[in-house]
Amino acid sequence: MAQTRYGPWFPELGALLVRKGAGVRYGPAIRIVPLTDDTELRAATSALLESHVDAVVATTGIGFRGWLEAAEGWGLGDALLSRLSSSSLLARGPKVTGAIRAAGLSESYSPASESNAELLQHLLSADVAGKRIAVQLHGEPLPYFVDALRAAGAEVIEVSVYRWVGPVDPGPVDRLLDGVLDGSIHALPFTSAPAVASLVALARRTGRLPGLISALSGPCVAACVGPITAGPLAALGVPTVQPHRARLGALARTVSETLLARSPRFSAGGLSIELRGQSAVVDGEWREVAPAPMALLRALAASPGRVVSRRELISALPGGGEEHAVETAIGRLRTSLGGGKVVQTVVKRGYRLAVDA
């Protein structure tokens, strides 16, 4: 299992997954760059302070707090708080609501769906013609949101507090991508659309996009915290799983439940076996299995009882190999499963799982 986004919630999601028994690899695809010294942010703040603002849309808690901190650094903190207190504050979700209340302010509306789309619908349901509306962005432009307000006659001030950029060290996310392609990663949770876009861009630049699409459409679960995050994958035709509520806990639970539902289960050699990541549960007992033997076990479990040729098993080995490597891995697999009767040798043909009738 792997994570692709860097931020204060990064270890939190990882810890949730570890508590559910997952092994977690970290590969940040993006990082947040605050714009406290950015002239664009200061110009937007100054424009907001020039005259009355009817509504302010806050899309992220970290962005809203960063905006207030930047204004404080410029000596404009009190003025910004005063302006915000006299306007209608709309919060996309509970984290933003918490940031607003922590600043001594109160929100006038927050959608139950925690979506920008419902926020936009709420604004457009009232007459926004001639209104002055500030929109705090969440690291990238929101053209559909801003354009819809302007088309309805509103004056819109875009407030960009931070931007998403690539990681300082691309090595971890590059290795994460390799893990998805070689099958050693079984789930890839995403918590932001920019993280998805960054990983897709890396795969495209390095000629691995077809392999990524294939992996995320089959053996590897692509889990997204919500439909906006899933957008870049949906555009590629990649199926995703999403929690009912856009929460890290719900995302971790969805990943766990999906993997459990997909876990191959079979009876072979008189033993009940279930595959779990890089491990196997044998008659209720957890057994660690090394990568090469596990790769062969998964190849055999893809069609329990079917004879799998040595050539097919060589292809399944991480990094390939030769017939001797297959024989060695099969021996280690039998030892790991606690019995030589689980995997049968079919002379001159290959190997098969000795599935019970």
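The values are calculated or read from the model by the stated rules, or taken from the named source; none is laboratory data. Quick caveat: nothing in here was measured; it's all calculated off a predicted structure. A quick note on method: Cβ atoms are made from the backbone with ideal geometry, for glycine too, and the neighbour counts reach across all protein chains shown. The area values use the complete protein model at the heavy-atom level, side chains included, leaving out ligands, DNA and RNA. Shrake-Rupley method; radii C 1.70, N 1.55, O 1.52, S 1.80 Å.
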Selection count, segment 37-61, where residues are at pLDDT below 85 and either in a helix (DSSP H, G or I) or open to solvent by less than 50 Å² (accessible area, probe 1.4 Å) (or both): 3
Meets criteria (surrounded by 15 or more Cβ atoms within 10 Å (Cβ to Cβ), modelled with pLDDT under 70 and in contact with a strand residue (DSSP E or B) (Cβ under 7 Å, 6 or more places away or on another chain)) for P34: yes
For segment 81-121, the count of residues that are in contact with a Lys or Arg (Cβ under 8 Å, 6 or more places away or on another chain) and in a strand (DSSP E or B) equals 0
Going residue by residue through segment 122-143, is there one that turns out to be within 23 Å of the chain's Cα centre (by Cα), open to solvent by less than 60 Å² (accessible area, probe 1.4 Å) and over 19 Å from E69 (Cβ atoms)? yes
Within segment 62-73, is even one residue in contact with a Gly (Cβ under 7 Å, 6 or more places away or on another chain) and of a type in the set (A, V, I, L, M)? yes
Filter segment 284-298 for residues that are modelled with pLDDT under 90 and closer than 14 Å to A268 by Cβ; which is least open to solvent (accessible area, probe 1.4 Å)? R287
Subset of segment 64-92 (residues that are touching a residue at least 40 places away in the same chain (Cβ under 8 Å) and surrounded by 22 or more Cβ atoms within 10 Å (Cβ to Cβ)): F64, W67, A70
Hey, A325 aliphatic (A, V, I, L, M) and within 15 Å of A268 (Cα to Cα) or not: no
When you scan segment 232-260, how many residues do you find that are open to solvent by 30 Å² or more (accessible area, probe 1.4 Å) and under 21 Å from I213 (Cα atoms)? 10
Going through segment 18-30 in order, the residues found to be under 16 Å from the mean Cα position of the chain (by Cα) and modelled with pLDDT under 70 are V18, A22
Would you be able to tell me the number of residues in segment 69-80 that are more than 12 Å from L105 (Cα to Cα), part of a helix (DSSP H, G or I) and touching a Leu at 6+ places or on another chain (Cβ under 8 Å)? 4
Looking only at segment 156-177, which residues are under 30 Å from L275 (Cβ atoms) and open to solvent by less than 70 Å² (accessible area, probe 1.4 Å)? G171, P172, V173, D174, L176, L177
